[in-house]
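The values are calculated or read from the model by the stated rules, or taken from the named source; none is laboratory data. Nothing here was measured: the structure is a model prediction, and the numbers come from that model. Note that we place each Cβ from the backbone using ideal geometry, even for glycine, and neighbour counts take in every protein chain shown.
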């Protein structure tokens, strides 16, 4: 197996964009969110019961074999066949199986894009010797993105993982319990979720100097520079064709807002401050007041 690449971090932080730009390289194949509760069973045979599943050496037996199969392109044919309902689907599954066999045969490098794997990133990196890229996004941009698409979160999924609460989220236990027991609006949910995710990212920054940490805003302002750094540090060639694709997907002629069918083709610079139009002044103030003790590690006054 060639060294896998993990693209993780905050969701709504450009992980799909970054992952797919890296996967323009012919040496890399993009794998979409095996930790997602609705992931393709052909891609990964593991069953995840919780959003942001936390894997350690203590609970790894139920996940290890399935994830190893994913990273070595061993298609879960039996698991996928159980889900098909038509001959058309069967044909597609057979083609997927053949593609995965071809990737394995040619030792193509897997790139796993998965923000839901954030809390398991340390185990993944250690167990499978992965290059790790962690995306960070401004808290107001994160909350504004959730507001735009109305993505709520079930915070009980954290409490139902005692290992995660014990190892990392214990400082937030009272808040998580409150958000499990009581309704909170989408902005407050985004605030707490941002704090949980980025407190974890701070831990990783302190421990893993070899990982690549990138603010969404920085790579959006100067994509060619930052993608070149990513390609260099992961041992991939940043060819002229790849540079052309990066320019195409970040050019100022692209829309400033994501469209449903082409959400990675954007004017990357104008996309940075969309949150100022999505959030009210009161929501921005509330967000800043509640996150600043963490966000100051990533963002200064000028970023607000």
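Given (1) buried (at least 17 other Cβ atoms within 10 Å of the Cβ); (2) in contact with a helix residue (DSSP H, G or I) (Cβ under 7 Å, 6 or more places away or on another chain); (3) more than 16 Å from residue 15 (Cβ to Cβ), identify the lone condition not met by residue 157.
Here residue 157 meets the rest and fails (2).
Here is a list: 53, 72. Which entry is closer than 21 Å to residue 5 by Cβ and out of contact with any strand residue (DSSP E or B) (no Cβ under 9 Å at 6 or more places or on another chain)?
53
Return the residues of the stretch 283-302 that are more than 13 Å from residue 143 (Cβ to Cβ) and surrounded by fewer than 18 Cβ atoms within 10 Å (Cβ to Cβ); say none if nothing qualifies.
292, 293, 296, 297, 300, 301, 302
Test of understanding: among 228, 240, which residue is surrounded by 13 or more Cβ atoms within 10 Å (Cβ to Cβ), within 30 Å of residue 3 (Cα to Cα) and either in contact with a strand residue (DSSP E or B) (Cβ under 9 Å, 6 or more places away or on another chain) or modelled with pLDDT of 95 or more (or both)?
From the options 228, 240, the qualifying one is 228.
Scanning for something more than 21 Å from the chain's Cα centre (by Cα) and at pLDDT 95 or above, does the stretch 32-54 turn up at least one residue?
No, the stretch 32-54 contains no residue that is more than 21 Å from the chain's Cα centre (by Cα) and at pLDDT 95 or above.
Tally up the residues in the stretch 212-225 that are under 19 Å from residue 125 (Cβ atoms) and out of contact with any strand residue (DSSP E or B) (no Cβ under 8 Å at 6 or more places or on another chain), please.
Residues in the stretch 212-225 being under 19 Å from residue 125 (Cβ atoms) and out of contact with any strand residue (DSSP E or B) (no Cβ under 8 Å at 6 or more places or on another chain): 0 in total.
Within the group 114, 129, which residue is modelled with pLDDT of 95 or more and on the phi > 0 side of the Ramachandran plot?
Among 114, 129, only 129 is modelled with pLDDT of 95 or more and on the phi > 0 side of the Ramachandran plot.
Any residue that is within 15 Å of the chain's Cα centre (by Cα) and buried (at least 22 other Cβ atoms within 10 Å of the Cβ) - is there at least one of those in the stretch 176-194?
yes
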